[in-house]
Amino acid sequence: MFGFAAGQPYRYGAATRWRASIAAELGDPDDAKAFLHEAYRQGYRYGLWLRHREQLRSLQGYPPFERFMQPKE
């Protein structure tokens with residue numbers, strides 16, 4: 001369905017990224033940011049699309065999310 005096999009344990013963080021979206025929609029920015037960090041540790045790809053994802057829009061201006069979005073040196 002999303003380009004990965006059903007038997008993979010983390011599916012490259014896809015499920016955890018969705019948990020971040022749900023937390024953001026429910027108004028819990030701390031959990032949303034924590035889930036995003038975990039999703040990327042599990043292999044989910046970082047990208048500027050995070051700025052444009054409707055489900056994560058509530059995180060705009062939230063300092064921990066803004067730091068997460070800063071380019072790494």
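The values are calculated or read from the model by the stated rules, or taken from the named source; none is laboratory data. These numbers come from a predicted model, not from an experiment. Accessible surface areas use protein heavy atoms only, side chains included; no ligands, DNA or RNA. Shrake-Rupley method; radii C 1.70, N 1.55, O 1.52, S 1.80 Å.
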Name every residue in the stretch 25-40 that is among the small types (Gly, Ala, Ser) and in a loop (DSSP other than H, G, I, E, B), in order of residue number. GLY27
Hey, among the residues in the stretch 57-73 that are open to solvent by 40 Å² or more (accessible area, probe 1.4 Å) and in a helix (DSSP H, G or I), which one's farthest from GLY13 (Cα to Cα)? PRO63
Which one of these is among the small types (Gly, Ala, Ser) and assigned to a loop (DSSP other than H, G, I, E, B): GLY13, GLY43? GLY43
If we keep just the residues of the stretch 35-56 that are among the basic types (Lys, Arg) and at pLDDT below 85, which is most open to solvent (accessible area, probe 1.4 Å)? ARG45
